[in-house]
Amino acid sequence: MQNVSVHDTAAVETAFAGFPSGVAALTAMVDGVPTGLVATSFTVGVSFDPPLVLFSVQDTSATWPLLRTAARIGVSVLGRDHEDVCIQLASRNRDRFEGVSTHTTDAGAIFIEESVTWLDCTISAEIPTGDHTIVVLAVSSIRHSPGKEPLIYHDRAFRALVEHAEAAADIAA
């Protein structure tokens, strides 16, 4: 283990990349145009009653100022088979939605087909913090696919979950 200077942004980013996370697509129709971004900072269980989730977005994002105007935001927890979709939705120089299978609600939330979980959300709070904004979302409805594996991002690469049955049994006991 090595000490990292908190003033060395690249070193901080590398250290933070060592924490595995799921990947969520946050998408909606904005003025008739599909708009979205991906977040590895997505967190569930902020509150169960009412159900709240959160993510953080860089203040330099060109997409968030548009997406935040949507009446509803669809959050799709991406599945293990969504690597290419994730890369496309994160792209800054191509159509993020071309060829991506989606479902759009009457309220304008967009969901990525075959995702692990769909959360239909509205913005509850935005909290400026450092060079990011923490966004708390209120969940209006949930669709979940039990047993479907999430896409995991760790150390700047996509990873698969590996089950360790003995360890899981010990934790559950």
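We did not get these values from a lab; they are worked out from the coordinates using the rules stated. Everything numeric here is computed off the predicted structure, so don't read it as measured data. As a convention, Cβ positions derive from the backbone with ideal geometry for all residues, glycine included, and neighbour counts pool all protein chains shown.
If I compute mean projected area of the Cα convex hull in nm² from the structure I just sent, which labelled value in (1) 12.1; (2) 13.0; (3) 14.1 lines up?
Computing mean projected area of the Cα convex hull in nm² and matching it to (1) 12.1; (2) 13.0; (3) 14.1 gives (1).
With +1 on the Cβ of every Lys and Arg and -1 on the Cβ of every Asp and Glu, and nothing else charged, how large is the dipole of the chain about its Cα centre, in debye rounded to the nearest 20?
Its charge dipole is roughly 260 debye.
Longest segment of the chain with no GluC sites (Glu not before Pro) in a DSSP loop having at most 15 other Cβ atoms within 10 Å?
Formally, the longest exposed-site-free interval is 1-97.
If Lys and Arg each add +1 and Asp and Glu each add -1, what is the summed charge of the other residues whose beta carbon sits under 15 Å from the beta carbon of S56?
My count for the surroundings of S56 gives -3.
Around L151, which amide H atoms from residues at least 5 apart in sequence, or from another chain, sit under 5 Å from its own amide H, with H modelled in the peptide plane?
Those lying under 5 Å, H to H, from L151 are V23, L78, G79, R80.
Only Cα pairs under 8 Å and at least 6 apart count here; give the relative contact order of the chain as a rounded whole percent.
Once normalised by length, the contact order is 25 percent.
If you take every residue apart from T40 with its C-beta less than 14 Å away from the C-beta of T40, what net charge results, scoring Lys and Arg +1 and Asp and Glu -1?
After counting each charged neighbour, the total is -1.
So if I take the centroid of the Cα atoms in segment 32-68 and the same for segment 85-158, what is the distance between those two points in Å?
Result: 7 Å between the Cα centres.
Give me a comma-separated list of calculated 3J(HN,Hα) values for segment 15-23, in order, Karplus coefficients 6.51, -1.76, 1.60 applied at θ = phi - 60°, integers in Hz, x for any Gly or Pro.
Result, ordered by residue: 5, 5, 5, x, 9, x, 8, x, 10 Hz.
For the pair A125 and D155, what calculated FRET efficiency results from E = 1/(1 + (r/R0)^6), where r is the Cβ-Cβ distance and R0 = 35 Å, to the nearest 0.05?
After rounding to 0.05, the efficiency reads 0.70.
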